[in-house]
Amino acid sequence: MKVVVIGTGYVGLTTGVALAYLGNQVTCLDIAPEKISKLKNGQVPFYEPNLPELLEISRANLNFTTSYDEAGIGSSDVVFISVGTPSLPDGNADLTYVKAAAEALGERLDHAFTVVVNKSTVPIGSGNWVGTLLREAYSRRKGSRPDGMYGVASNPEFLRQGSALLDTFYPDRVVIGSEESRAIDTLTNLYRPILNQDFPAPVHLPRPDGLSAIPVVTCDLASAELIKYAANSFLALKISYMNEIGHLAEKVGADIKQIARGIGLDVRIGPRFLQAGIGWGGSCFGKDTAALVAISKEYGINMPIVQAARDVNYHQRTWVVDTLLHELKILKGKTVALLGFAFKANTDDLRDAPALDIARQLIQLGARVRATDPVALGNARLFHPDAGIIYCDTPMETVRGADAVILVTEWPEYHDIDWVEVKKSMDNPLLLDGRNFLDRHEMVRLGYRYVGVGR
Ligand code: UDX
């Protein structure tokens, strides 16, 4: 099929490249020329494992452009809107980019039936709003109605950064929402290879054993939009629940990792997303939970559970600072080393990263903060140059003279650091393991004052 993807971020580019790999003709459009020129040179403008290799393999089916006219909207079967929808101060999503994309699309609809898909996380009910924008833009340009030329659908993504391609090729389910059966049929056909799992697995993304067919949920537009919010908020809630139990575990001398294992074996709970730690960050959990609370307020209903998941989560960052204060008594003039800066391992994304909040709070209390990250340091220096943080290229440089080290992001390489050397170069062997990532007994044996989360 002929596909256009608008927005070449973590979601858009992953979707476009994966669909190109599956044999579709894909044009990826972005208004940022520097992104498009990088992509034309085969470079991915952000860190996502396996995406550069798959971009290379799928090159023949991919075009990149900054121009809506070049994208061939009117003759496309499917157009994905996967532009950014950042949070506004009141928690609602900023839909400026979605509106611009929908209007540019609307003007260019033509006689081929085109499915316009909201891939960006948009407020519930936006599908109808996008439809209105399309119609109005078309009518302004052509003076008539684009009846029969398009259908609007919601096809929420469930990609985790760091495993975005894996989650695209081997999802737990595909959700397609629309009021138009033609739109549902078109998207079901587009995803057929994924639903049937009958495409050749990419060389570095082997198909999980036993995966044969993927369930598809076809429903109305609003349900599909709400599925995305409900799923993300539930995942965020699972994590905050464990962090809440973790604070009690710490008081009673229990170990939250054993508790997670003990409850996770209950198939009704499941073992995943039960890792206590400094909490979630990233561009989705914070944004989706905030948007869900905001939109429910618009409809006059409260969501105390989702709100509580947020409150517990953001308190984790303060808990880290309070714990350091408790351990060090005075933070003014002390040096704290942060190992890891990205909101999680296997990404360079700093959006809503706990490290930023923790560093900000420590600096406000007069501490000196040094930080490193194997992948996200470039973004840190680019987006947060004046945060008062000393960015270091290596863990050893970061921990030099430190009065405390916090493991913020669970990068695998932090298992292989020479923790004997680290201890020697620190002024005080305080180690706060923000992800319960290290071996507590080993660290104590090496002479660290080890503090975990919920243990
Ligand atoms: C999430 C959703 O998982 C995905 O379905 C959605 O499409 C986008 O948002 P992502 O934010 O990329 O994906 O990463 P994820 O792996 O979900 O982690 C989110 C945050 O939760 C990270 O900060 C991670 O460190 C934290 N986390 C995750 C925990 O603290 N504990 C856990 O058990 C799991």
message: Please verify whether I227 is in the same structural domain as E103 (by TED's automatic domain parsing), among the β-branched types (V, I, T), out of contact with any helix residue (DSSP H, G or I) (no Cβ under 9 Å at 6 or more places or on another chain) and open to solvent by 20 Å² or more (accessible area, probe 1.4 Å), treating the condition exactly as stated.
response: no
message: Among the residues of segment 419-436, what is the count of those that are open to solvent by 30 Å² or more (accessible area, probe 1.4 Å) and either charged (D, E, K, R) or not assigned by TED's automatic domain parsing to the domain that holds A342 (or both)?
response: 5
- line: Checked segment 73-82 for anything in a loop (DSSP other than H, G, I, E, B) and either surrounded by fewer than 19 Cβ atoms within 10 Å (Cβ to Cβ) or assigned by TED's automatic domain parsing to the domain that holds G286 (or both); matches are D77
field: Flag if L159 is at pLDDT 95 or above, closer than 19 Å to G7 by Cα and either open to solvent by 20 Å² or more (accessible area, probe 1.4 Å) or within 16 Å of the ligand (Cβ to nearest atom) (or both)
entry: no
- prompt: Is segment 245-255 home to any residue that is open to solvent by 20 Å² or more (accessible area, probe 1.4 Å) and within 16 Å of the chain's Cα centre (by Cα)?
  reply: no
task: Can you confirm whether segment 350-366 contains a residue that is under 30 Å from T14 (Cα atoms) and open to solvent by 60 Å² or more (accessible area, probe 1.4 Å)?
output: yes
message: Step by step: first the residues of segment 83-117, then only those that are outside any loop (DSSP other than H, G, I, E, B), small (G, A, S) and open to solvent by 30 Å² or more (accessible area, probe 1.4 Å), then the one that is modelled with the highest pLDDT. Which residue is that?
response: A100
message: For the list (1) open to solvent by 30 Å² or more (accessible area, probe 1.4 Å); (2) under 21 Å from T409 (Cα atoms); (3) not in a helix (DSSP H, G or I), I need the number of the one condition that V336 fails.
response: (1)
- prompt: Somewhere in segment 373-381, is a residue surrounded by fewer than 20 Cβ atoms within 10 Å (Cβ to Cβ) and touching a helix residue (DSSP H, G or I) at 6+ places or on another chain (Cβ under 8 Å)?
  reply: no
query: Yes or no: D147 more than 23 Å from G9 (Cα to Cα), open to solvent by 20 Å² or more (accessible area, probe 1.4 Å) and touching a residue at least 12 places away in the same chain (Cβ under 8 Å)?
result: no
message: Quick check on segment 36-49. Is at least one of its residues open to solvent by 30 Å² or more (accessible area, probe 1.4 Å), in the same structural domain as G143 (by TED's automatic domain parsing) and of a type in the set (D, E)?
response: no
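The values are calculated or read from the model by the stated rules, or taken from the named source; none is laboratory data. Because the structure is predicted, anything quoted here is derived from the model rather than measured. Quick reminder, even Gly has a Cβ in these numbers, built from the backbone with ideal geometry, and neighbours come from all protein chains shown. The protein model used for the area step is the full one, side chains on, heavy atoms only, and it has no ligands, DNA or RNA in it. Shrake-Rupley method; radii C 1.70, N 1.55, O 1.52, S 1.80 Å.
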